[in-house]
Amino acid sequence: MIEFILNGKVVQTDDEPDTPLLWVVRDTFKLTGSKFGCGIAKCGACTMHIDGSAQQTCVLPITAVAGKTVTTIEGLGTPDNLHPLQQAWVEQGVPQCGYCQSGQIMSAASLLTDNPNPNEAQLEAAMERNICRCGCYPRIKQAILSVAEQGQSGAVQLATPVAAKAPEGIQS
Amino acid sequence: MSAIKLSRRGFLKATGLIGGGLLIGYVATPDGNSPAVIPGDGAMAPNAFIQLTQDNQIIFYSPRDEMGQGISMGLATLVAEELDVPVDKIQVEFASVHDDYRHPEYWVQGTGGSSSMRVHYLPLRQVAADTRALLLTAAAMDLGVAAESLSTEHGYILSNGTGHRYSDFIATAQTLELPSETPLKAKADFKYIGKDMTRIDALAKSTGTAIFGMDIAVPDMYYAMVSRSPVAGGTVNNLDDSAARAMSGVTDIVRIDSGVAVVATSFWKAKKAVAALNIIWDQPDLANFSNGDIRADYQSALESDRGTTETEGSITEGLSKASMQVRRDYWTPYLAHTPMEPVNAVVKISDGKAELWAGTQSPGVARGLVARHSGLSVDNITVNSLFSGGGFGRRAQLSHIAEATQVAVATNKTIKLVWTRENDLQNGWFRQASIMQLHAGIDAEGKVTAWDATRVGGDLAPDTLAGVLPGELPRTPKLLNDLMLSATENLYDGWLIDSGGVEGLVSDYDFPNKQLRHISVNHGLPLAAWRSVGHSFTAFAKETLMDELAEMAGLNSFEFRRRNLQNNPRLLGVLEAVEQGLKQWDIPAGHHIGISTHGSFQSFVAQAAEVSIQGSKIRVHRVLCAIDCGAVINPDIVRAQIEGGIMYGLTAALYGDIEIENGAVKQSNFHDYKILRINEAPAVDVLIVETEQAPSGVGEPGLPLIAPAVANAVYQATGQRLYSMPLTLA
């Protein structure tokens with residue numbers, strides 16, 4: 001039994017220990033916003049926040065997040081309560097097919113948490129782990145910079161569900 | 001309009017599948033003539049595309065598939081305009097499979113060829129205008145006023161300053177015949193067409209709530225994954241599945257046409273078990289070929305006298321008028337599509353009925369494939385079309401739906417069959433590889449006098465047909481299908497030229513003498529249309545040679561093209577738009593500009609790329625692109641498609657290379673099949689040159705020009721002419 005915090009709620013799973021977090025979140029906890037794209041941590045469609053930092057989860061065994069906080073796109077914001085980045089994504093018309101965008105937004109949110117006002121090189125360094133086959137890159141850049149310029153980056157932390165402290169003694 | 005049957009039975013047969021008029025099932029009866037949409041209680045569906053519910057919700061059934069190109073938004077905008085309802089008040093549903101939704105120009109219900117807006121622009125507006133006229137007539141009767149005294153605004157009918165909901169008049173409207181040929185709005189009256197508007201799917205796609213095939217979960221569903229021959233067309237010689245069978249969560253291991261399927265309780269368990277299969281394959285002829293052999297075969301075909309030739313004018317005469325001539329050979333490799341969402345399908349079969357969930361470019365064929373492999377009639381099959389996580393041509397090939405159905409039948413389980421990225425790269429369909437040879441002459445005025453083109457490579461058409469036939473004709477025995485297919489292959493070998501291999505190679509310019517020779521050489525690697533199809537490689541050869549000829553003629557790249565575009569005013573128009581636009585650019589030292597111009601999918605495009613060389617690396621900083629795609633429905637979506645086409649084309653220009661080793665694809669995932677990333681992505685400026693023409697393609701036409709524009713800029717930077725893709729500096 002492995003326990004962790006998923007979008008603010010303590011959850012437990014008896015999935016096999018080597019099961020990647022992505023599939024536990026998708027299949028066991030039925031949150032399908034995070035996507036399967038490559039299975040080797042090379043495309044970023046599966047990006048979630050682990051203890052607040054963006055991480056690719058398609059090769060991350062579930063044991064690695066025991067006792068940690070996991071935030072998915074569903075925990076970042078909802079259609080009724082958009083994170084500023086999601087708002088910018090809609091306004092700038094970023095998504096085309098949309099399949100990679102959850103991962104893109106999670107990477108961008110982590111970037112702005114660490115660096116609320118990134119320059120272009122810093123933005124590219126943080127976002128180059130995410131592939132978009134539709135080629136939305138110019139708009140992704142524009143959307144992130146627009147949020148940074150409006151000084152909304154601070155809202156990232158507010159909009160992220162406050163994760164409860166991990167219970168004592170959680171083991172894989 | 002011929003594909004649209006304006007059946008009255010739609011609402012006369014209303015059965016109220018779900019109360020409140022909200023939705024809505026699709027019911028197909030064995031005679032095949034049932035209406036496409038059965039409206040809910042108190043609702044009306046005067047045609048296959050629009051339903052107005054009792055509580056005033058307007059539902060638009062999009063006949064084309066959404067794979068990111070924004071067509072559901074674009075088509076909804078047409079309906080909104082003529083119904084006079086804001087686009088965001090319209091609920092878009094993906095249509096079921098029905099004759100009414102067949103592509104008006106293709107045989108099938110499919111999406112591709114950058115054609116959707118072009119073929120639906122007038123017909124969809126017409127059904128919406130007719131529907132609005134019907135409602136106005138009903139309102140006039142109910143309100144006891146003259147129809148001419150009524151107007152519409154924002155989704156309401158206005159009478160003497162009072163607003164009424166459209167749905168107030170459903171009962172009376174249902175007693176009336178739907179009018180036809182209602183006059184359409186004039187351009188000056190457009191409220192939504194031509195305006196930048198936020199895509200209706202942007203919210204769902206920014207919050208993780210858009211549902212793709214990969215996201216479908218139905219009760220008692222099992223995952224299936226398939227081990228397929230590493231060489232396309234191979235069959236199982238020997239299977240040892242003992243290790244896999246012993247693994248946790250594995251419920252079934254079955255042989256299907258394409259290989260061996262493992263069924264398990266989760267994705268992860270299926271993935272681990274499929275890796276534990278031990279299979280010896282019987283390999284087809286393709287196993288004898290590697291990239292070098294294929295290229296050598298093309299080269300020897302090129303040097304032979306084989307091929308099918310079409311000529312306009314006389315090359316001999318053209319060359320005799322030339323003061324200079326040049327002959328060049330070009331190589332373009334096989335490519336994979338790699339949509340972000342690997343293909344997948346959920347198939348459920350129970351009680352003599354089947355249901356499919358999948359995002360495809362061809363739901364009609366998908367339904368037929370489920371029918372063929374389940375033995376059920378198409379009338380007992382429901383197709384749930386979903387968002388596609390990228391198409392690019394890959395989702396027009398639907399073997400995964402045949403696989404899912406075969407596994408569902410063999411195991412008597414509801415199956416979600418998923419391809420991994422490795423499957424996508426190694427077991428899929430590919431853009432054809434080519435050798436092209438161009439031989440051109442120019443005269444002293446810088447006019448091309450002769451243009452002699454040859455293309456050698458595989459034929460797309462037979463593989464396209466092989467993908468369509470089994471689903472479109474689900475009752476035809478396999479043997480008969482195979483006979484039809486081999487007849488088609490023979491047709492292309494010496495009789496017909498496969499347009500998907502040559503389109504764009506001899507076009508656009510005023511070539512007074514031109515010749516096209518095609519030599520089919522097929523090795524058996526499965527081929528599929530890849531975003532912009534033949535243009536994806538022909539533009540590279542044509543436009544890099546035009547640049548070389550410009551230099552020989554002592555003219556700049558714009559002027560040389562201008563002299564040869566006297567009969568193509570729309571292409572000249574975009575070329576000059578780029579020429580003017582570039583004047584606003586401040587080009588840093590060490591940066592160089594290359595240009596290209598190319599027409600495809602009935603649109604006209606010109607591009608300039610700003611490039612620098614960093615070590616051995618080609619860096620593309622900025623792209624300027626002008627497009628004339630006729631009437632523009634949503635300028636922001638046009639810009640997005642051009643941006644996306646450029647990025648897709650730039651991946652191919654800089655990195656794309658599927659290599660064959662003993663018949664198998666060498667690349668396996670994104671670590672060795674490199675995709676352009678954000679740090680390599682240029683800024684893109686799009687100039688829309690709007691003309692009074694009918695709308696034409698935007699999804700593909702931006703793509704073909706980027707490789708030649710970059711190659712031409714590389715020449716400016718280095719003096720190296722590049723004749724192969726991916727572009728690699730010596």
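The values are calculated or read from the model by the stated rules, or taken from the named source; none is laboratory data. Worth saying up front: this structure is predicted, and the values here are computed from it rather than measured. Heads up, the Cβs are rebuilt from the backbone with ideal geometry, glycines too, and the neighbour counts pull from every protein chain shown.
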Q: Any chance you could count how many residues in region B:692-726 are on the phi < 0 side of the Ramachandran plot, surrounded by fewer than 24 Cβ atoms within 10 Å (Cβ to Cβ) and more than 24 Å from the chain's Cα centre (by Cα)?
A: 10
Q. Which condition number does residue A:97 fail, the rest of (1) touching an Asp or Glu at 6+ places or on another chain (Cβ under 8 Å); (2) at the interface with chain B (Cβ under 9 Å from one of its Cβ atoms); (3) among the hydrophobic types (A, V, I, L, M, F, W, C); (4) closer than 23 Å to residue A:11 by Cα being met?
A. (4)
Q) With (1) aliphatic (A, V, I, L, M); (2) surrounded by fewer than 24 Cβ atoms within 10 Å (Cβ to Cβ); (3) assigned to a loop (DSSP other than H, G, I, E, B) as the list, and residue B:676 as the residue in question, which single condition is left unmet? A) (2)
(Q) Exactly one of these conditions fails for residue A:74: (1) touching a residue at least 60 places away in the same chain (Cβ under 8 Å); (2) more than 10 Å from every other protein chain (Cβ to nearest Cβ); (3) not in a strand (DSSP E or B). Give me its number. (A) (2)
Q.
Under 9 Å between Cβ atoms, which residue pairs at least 6 apart in sequence (or on different chains) link something in region A:1-28 that is in contact (Cβ under 8 Å) with a residue 24 or more places away in the chain and within 22 Å of residue B:219 (Cα to Cα) with a partner that is in a strand (DSSP E or B) and charged (D, E, K, R)?
A. A:13/A:3
Q. Residue B:258: hydroxyl-bearing (Ser, Thr, Tyr), within 30 Å of residue A:20 (Cβ to Cβ) and within 14 Å of chain A (Cβ to nearest Cβ), yes or no?
A. no
**Q.** One residue from B:84, B:88, B:65 being charged (D, E, K, R), in the same structural domain as residue B:198 (by TED's automatic domain parsing) and closer than 21 Å to residue B:533 by Cβ
**A.** B:65
Q: May I ask you to say which residue of A:69, A:63 is surrounded by 22 or more Cβ atoms within 10 Å (Cβ to Cβ), in contact (Cβ under 8 Å) with a residue 12 or more places away in the chain, assigned by TED's automatic domain parsing to the domain that holds residue A:9 and of a type in the set (S, T, N, Q)?
A: A:69
Q: May I ask you to verify whether residue B:728 is part of a helix (DSSP H, G or I) and under 30 Å from residue B:287 (Cα atoms)?
A: no
Q) If you go through region B:648-669, how many residues are in contact with a helix residue (DSSP H, G or I) (Cβ under 7 Å, 6 or more places away or on another chain) and within 16 Å of residue B:533 (Cα to Cα)? A) 4
Q. Is at least one residue of region A:106-118 within 8 Å of another protein chain (Cβ to nearest Cβ) and free of Cβ contacts under 8 Å to residues at least 60 places away in the same chain?
A. no
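Let's see how each residue does on (1) within 14 Å of chain A (Cβ to nearest Cβ); (2) surrounded by fewer than 24 Cβ atoms within 10 Å (Cβ to Cβ); (3) of a type outside the set (Phe, Trp, Tyr):
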{"site": "B:339", "(1), (2), (3)": "yes, no, yes"}
{"site": "B:342", "(1), (2), (3)": "yes, no, yes"}
{"site": "B:353", "(1), (2), (3)": "no, yes, yes"}
{"site": "B:362", "(1), (2), (3)": "no, no, yes"}
{"site": "B:366", "(1), (2), (3)": "no, no, yes"}
{"site": "B:376", "(1), (2), (3)": "no, yes, yes"}
{"site": "B:394", "(1), (2), (3)": "yes, no, yes"}
{"site": "B:399", "(1), (2), (3)": "no, yes, yes"}
**Q.** Only listed residue being within 14 Å of chain A (Cβ to nearest Cβ) and among the aliphatic types (A, V, I, L, M), chosen from B:221, B:141
**A.** B:221
Q) Among the listed residues B:172, B:235, which satisfies the condition of being in contact (Cβ under 8 Å) with a residue 24 or more places away in the chain, surrounded by fewer than 16 Cβ atoms within 10 Å (Cβ to Cβ) and not aromatic (Phe, Trp, Tyr)? A) B:235
(Q) Quick check on my filter: what residues within region A:23-55 are more than 9 Å from chain B (Cβ to nearest Cβ) and in a loop (DSSP other than H, G, I, E, B)? (A) A:29, A:41, A:44, A:46, A:47, A:51, A:52
Q. Can you tell me which residues in region B:623-667 are of a type in the set (Asp, Glu), closer than 26 Å to residue B:714 by Cβ and in a helix (DSSP H, G or I)?
A. B:643
Q: Could you check how many residues of region B:245-288 are assigned to a helix (DSSP H, G or I) and closer than 21 Å to residue A:36 by Cβ?
A: 9
Q) Among the numbered criteria (1) of a type outside the set (S, T, N, Q); (2) in contact with a strand residue (DSSP E or B) (Cβ under 6 Å, 6 or more places away or on another chain); (3) touching a residue at least 60 places away in the same chain (Cβ under 8 Å), which single criterion is violated by residue B:356? A) (3)
Q) From the set of residues in region B:553-572 that are in a loop (DSSP other than H, G, I, E, B) and closer than 16 Å to residue B:445 by Cβ, which is farthest from the chain's Cα centre (by Cα)? A) B:554
Q) aromatic (Phe, Trp, Tyr) and in contact with a strand residue (DSSP E or B) (Cβ under 8 Å, 6 or more places away or on another chain), is that true of residue A:137? A) no
Q) What residue, of B:153, B:181, B:177, is in contact (Cβ under 8 Å) with a residue 40 or more places away in the chain, assigned by TED's automatic domain parsing to the domain that holds residue B:90 and closer than 19 Å to residue B:56 by Cα? A) B:153
Q.
Going by what's in this entry, would residue A:125 be described as buried (at least 24 other Cβ atoms within 10 Å of the Cβ), over 20 Å from residue A:2 (Cα atoms) and modelled with pLDDT of 95 or more?
A. no
